[in-house]
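To start, the structure under review is shown below, and the notes come after it.
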Amino acid sequence: MGIKIEIQTEIYPTEDVEKIKRAFLLLFPDVKLSVLPGKLVGEARSMEEFAKVLREERIRDAARAVFLSSLKKYGTIEFELNKQAATVGKVSFSVGNVPLGNIRVRITGESLDSLIDSVAPDTRKGQ
């Protein structure tokens with residue numbers, strides 16, 4: 001399954017860049033990071049750790065709904081994560097603006113429906 005995961009967030013002067021880097025790495029351990037003026041960007045290829053966190057936090061159905069809604073709307077999977085939650089390895093989907101911004105994630109590639117089924121299966125079917 002060839003996917004590309006693009007991750008980015010604004011970095012504000014009051015934020016610790018290393019802490020934000022760790023947040024990216026906690027959810028996407030294979031991410032390749034670049035610090036640009038005022039932002040941190042990364043590219044990853046694996047959703048394995050992210051899927052593990054979704055399972056541990058028991059939020060796979062919520063994630064599935066976010067993923068499917070995005071796929072229908074954009075043809076890619078796009079969502080935002082709460083930056084503060086990510087710094088401790090947690091997943092919290094964000095909607096709207098927050099004071100220090102969110103982490104934006106964009107997933108492109110082939111077989112995104114299959115990716116959704118593997119990362120966030122419909123647990124109502126007993127999976």
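Treating only the Cβ of Lys, Arg, Asp and Glu as charged (+1, +1, -1, -1), what charge dipole size does the chain show about its Cα centre? Round to the nearest 20 debye.
The calculated dipole for the chain is roughly 180 debye.
Could you sort out which of Lys52/Lys73; Lys21/Lys72; Lys4/Lys83; Lys21/Lys52; Lys32/Lys83; Lys21/Lys73 sit more than 24 Å apart by Cα distance in this structure?
Lys52/Lys73; Lys21/Lys72; Lys21/Lys73
Roughly what percent of Cα-Cα pairs across the range 3-120 reach past 19 Å?
Result for the distance tail: 41 percent.
Helix-only estimate, please: 222 nm mean residue ellipticity of the chain, summing -39500 (n - 2.57) across DSSP H runs of length 4 or more and dividing by its residues, to the nearest 500.
Estimated from H runs of four or more residues: -11000 deg cm²/dmol.
Read the figures in this text as sums done on the coordinates, not as results from a lab. The model shown is predicted, which means the values in this text are computed figures rather than measured ones. Every residue, glycine among them, receives a Cβ derived from its backbone with ideal geometry; neighbour counts consider all protein chains shown.
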